[in-house]
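Visitor: Pasting a structure below so you can have a look.
Just so it is clear, none of the values below were taken in a lab; they were calculated from the coordinates. Computed from a predicted model, the values in this text were never measured in an experiment. Cβ sites come from the backbone with ideal geometry, for glycine too, and all protein chains shown count toward neighbours.
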Amino acid sequence: MKNHIRILSFALLMGVVALSSCKAPGNGNDEKARAAVADTINRLMAEVTGYAGQLNADSTFKYLSADSSSAFMSEGMHYSRATLNAAFKNVYSRFKSQQISVIFSEVEVPAPGFAVWIGFLKNSYITKTDQVFEGWLCETWIWQRRSEGWKVIHYHESVLSAPTPDQKKLVETALGQLAGELAAKSLKPEDMKPLLTEYLKKYPSVYGTTLAFAPSESGGKSIKRAPYFYRSGNDFKQVDLPEAYDYTASEWYAVPVRAKAPCWSSPYYDDGGGGTLMITYSIPLYGKDNKLIGVLTSDLELK
């Protein structure tokens, strides 16, 4: 099971436990109220990440509840508010600077007075010895509204690992071989399922793959087809990227087409396809007439 799904499940479980003793008002779950709560939580989280970028542990964790029942976890270790604050002060003391960027986030409001913020973040920092590091984080924050304002009753942070050079090299070789085989074929979107699911079976480290076809014209409309296949446990699922999603403007498509060469994307959250944080290796695929067929991809999950 993917790392962020485990974290989400744990967060929701903690929320259910916290909510089990609460009785929600009858009119508290309307969409307008939930949207207002989500706006508030997003504002608070922007404040929190801003303080983290300033290496200010006291302010970063000022909203954490001091209750002994609250649960705070980082890298598999359990902390109280005081010990978590002290641990991050120690970490921040080694940094010269830090930049936190939210790649993707969402807020769930399961009941009045409770909210769950889940986010994927990019963490770039420079140590006091001028070493430069870049990493990715998955965080869950459960907020509870109290008389003194919103407080965090659960925090969970995990560091996501980027693929190794060997893993990336394997994908480059494997996708290059597949691209060579497909370039000689006359391809249609409906032909891709057996070809791409077999590719996923052969290379278990690959999370998902597609051949995003170059747009075609029909009846004055631009037709875009990109059947996406990804692994789900021991099975494989297929989704077609939404029509509202213009994949031709995405980094994983536009950059290799412009460069006419394979490339790796930056990390991103794939909301329309696999629903996870990933990086993508893309190869522009051309036919015998040197006309662009589309972009063939392999996704590696950050986990």
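Visitor: Can you give the charge dipole size of segment 254-303 about its Cα centre, rounded to the nearest 20 debye, using +1 on the beta carbon of Lys and Arg and -1 on the beta carbon of Asp and Glu?
Guide: 320 debye
Visitor: Now for a different question. What lysines could a cross-link reach from LYS303, if we take a straight Cα to Cα line under 23 Å and drop same-chain neighbours fewer than 8 places away?
Guide: Counting by Cα, and skipping residues close in sequence, LYS303 has these lysines nearby: LYS2, LYS122, LYS168, LYS169, LYS201, LYS202, LYS237.
Visitor: Report the extension gain between SER147 and ILE126 in nm, rounded to one decimal, defined as 0.36 nm multiplied by the number of residues separating them, less their alpha carbon distance.
Guide: 3.6 nm
Visitor: Less than 14 Å Cβ to Cβ from LYS96, Lys/Arg counted +1 and Asp/Glu -1: what total charge do the surrounding residues give?
Guide: The answer is +1.
Visitor: Would you mind counting up the charge near PHE133? Only other residues with Cβ under 12 Å from its Cβ, with Lys and Arg at +1 and Asp and Glu at -1.
Guide: Summing Lys/Arg as +1 and Asp/Glu as -1 gives +1.
Visitor: As a check on your grasp of the helix formula, calculate [θ] at 222 nm for the chain: sum -39500 (n - 2.57) over DSSP H runs of n ≥ 4, divide by the residue count, round to the nearest 500.
Guide: For the chain, the value works out to -10000 deg cm²/dmol.
Visitor: Next question, about the same structure. First measure r as the distance between the Cβ atoms of TYR203 and ALA38, then evaluate 1/(1 + (r/R0)^6) with R0 = 41 Å and state the FRET efficiency to the nearest 0.05.
Guide: Using R0 = 41 Å, I get an efficiency of 0.60.
Visitor: Just subtract the alpha-carbon distance of ASP191 and LYS62 from 0.36 nm times their residue separation and send over the number in nm, one decimal.
Guide: Gain on stretching ASP191 to LYS62: 40.9 nm.
Visitor: Continuing with this model, one more query. With springs only between Cα atoms under 10 Å, which of GLU139, GLU75, GLU47 fluctuates most in a Gaussian network model of the chain?
Guide: GLU75
Visitor: What are the lysines whose alpha-carbon lies under 18 Å from the alpha-carbon of LYS260, with same-chain residues fewer than 8 places away excluded?
Guide: Within reach: LYS288, LYS291.
Visitor: Can you give the FRET efficiency to the nearest 0.05 for GLN54 and SER232, using r as the Cβ-Cβ distance and R₀ = 35 Å?
Guide: Given R0 = 35 Å and the Cβ-Cβ separation, E is 0.30.
Visitor: Less than 14 Å Cβ to Cβ from ASN85, Lys/Arg counted +1 and Asp/Glu -1: what total charge do the surrounding residues give?
Guide: Net local charge, ASN85 excluded: +1.
Visitor: For SER69 and TYR92, what does the FRET efficiency come to when R0 = 22 Å and r is the distance between their Cβ atoms, rounded to the nearest 0.05?
Guide: It comes to 0.25.
Visitor: Next up: Would you mind putting 167-173, 123-129, 233-239 in packing order, based on average other-beta-carbon counts within 10 Å, highest first?
Guide: 167-173, 123-129, 233-239
Visitor: How big is segment 88-233 by Rg and Dmax over its Cα atoms, in Å?
Guide: Computed over the Cα atoms of segment 88-233, radius of gyration and Dmax are 22.3, 68 Å.
Visitor: Sticking with this one: For Cα Rg over 2.2 N^0.38 Å, the choices are [x] 1.24; [y] 0.98; [z] 1.16; which was calculated from the structure?
Guide: [z]
Visitor: Suppose a student asked you for the relative contact order of the chain, using Cα pairs under 8 Å spaced at least 6 residues apart; what percent would you report?
Guide: 14 percent
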